[in-house]
DNA sequence: CAAATTAGTCAGAGTCTCTGACCACTGTCA
DNA sequence: TGACAGTGGTCAGAGACTCTGACTAATTTG
């Protein structure tokens, strides 16, 4: 048995991640954005300012394109995204964020900033900077999309 | 300005977490432990050495006790856990890890150690230590179970 | 002891995700 | 040019995960 005080780094990463996600979702729901789910949000988060292809969204979110299509359908119905033809490829369509999506993003960004500030207050400026630095570095070997 | 990354800390935390989880699952599958799912694993992970109550598992995994019961049923069928009556409370039962669970845990722990070593090589000993230190500190304000 | 609480189950439904099969368009190369 | 492999996306079906609501049984509390 490993000493109980020595949690593995995976759990240590997951705990604050989940705490942050919970905070963001609670705030979005309170602001009236209660008609989309975490799974939909994880896709929506990856839509670029000029629209993004379904396949690309699927790859980045690490889900199949069928699943991505399913989620985008719901987001479209709820008015968060629209699909327009891709001018450069007649097979493809671009998933674009609608006004409602940007409004939700603004709320989300606000909460993220708030939580990050709380974390910085708890850790101190120096440790917070080191944390982000280490995580950014780690991204080089853990993010297939980096 | 940190031009290194505009990603929010949440994504930065999630990326390495997911990479680690993927590695662990791939290794478990390769070692023959391919008869349980990520959701089941997240519950199994929280079983203490002397057994843990269903409700406690549910709380720690942040799922309802119904869902936890569903997942434990599957784990029981697959031979990873057993349920024994709680001697201190006739309503309750203790979910206990079976031999198979500890064997899987050994494989998982090995991979986690391996990945952590890779991360340490990439970050350097000092940064890795800082990372774990910051995350441990963060746990104080983000882990309801700390 | 009655009432409130806690551990867990049963039933039903909705959501998320996958595999496999398929169509339409694109790019390549003989 | 024209077959054909590859890519973008959809349809259909199924399995997995999760929830809410309602319930039983045992425990704790006043």
*If you take the residues in the range B:109-135 that are within 9 Å of chain A (Cβ to nearest Cβ) and closer than 30 Å to residue B:80 by Cα, which one is surrounded by the fewest Cβ atoms within 10 Å (Cβ to Cβ)?*
B:113
*Identify, by number, the condition in (1) part of a helix (DSSP H, G or I); (2) in contact with a helix residue (DSSP H, G or I) (Cβ under 6 Å, 6 or more places away or on another chain); (3) more than 25 Å from residue A:116 (Cβ to Cβ) that residue A:42 doesn't meet.*
(3)
*Which of the following residues is in contact (Cβ under 8 Å) with a residue 12 or more places away in the chain, touching a helix residue (DSSP H, G or I) at 6+ places or on another chain (Cβ under 9 Å) and within 12 Å of chain B (Cβ to nearest Cβ): A:18, A:23?*
A:23
*Within the range B:45-146, which helices (runs of 4 or more DSSP H) (wholly inside it) include 3 or more residues that are away from DNA strand C (no atom under 15 Å from the Cβ)?*
B:99-123, B:125-142
*Just wondering, is there one or more residues in the range A:83-101 that are more than 10 Å from DNA strand D (Cβ to nearest atom) and within 14 Å of chain B (Cβ to nearest Cβ)?*
no
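Would you confirm whether or not the range B:61-77 contains a residue that is within 30 Å of residue A:136 (Cβ to Cβ) and crowded, with 16+ Cβ neighbours inside 10 Å? Spell out the reasoning first.
Going through the range B:61-77, the residues within 30 Å of residue A:136 (Cβ to Cβ) turn out to be B:61-62.
Checking which are crowded, with 16+ Cβ neighbours inside 10 Å leaves us with B:61.
Yes, the range B:61-77 contains at least one residue that is within 30 Å of residue A:136 (Cβ to Cβ) and crowded, with 16+ Cβ neighbours inside 10 Å.
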*Which numbered condition residue B:42 misses (of (1) without any contact (Cβ under 8 Å) to a residue 12 or more places away in the chain; (2) within 10 Å of chain A (Cβ to nearest Cβ); (3) within 13 Å of DNA strand D (Cβ to nearest atom))*: (1)
*Report yes if some residue within the range B:66-75 is away from every other protein chain (no Cβ under 14 Å), in contact with a helix residue (DSSP H, G or I) (Cβ under 8 Å, 6 or more places away or on another chain) and in contact (Cβ under 8 Å) with a residue 40 or more places away in the chain; otherwise report no.*
no
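No lab work stands behind these numbers, since they all come straight from the coordinates. This structure is a prediction, so every number in the text was calculated from the model and none was measured. No Cβ is skipped: glycine too gets one built from the backbone with ideal geometry, and neighbour counts run over all protein chains shown.
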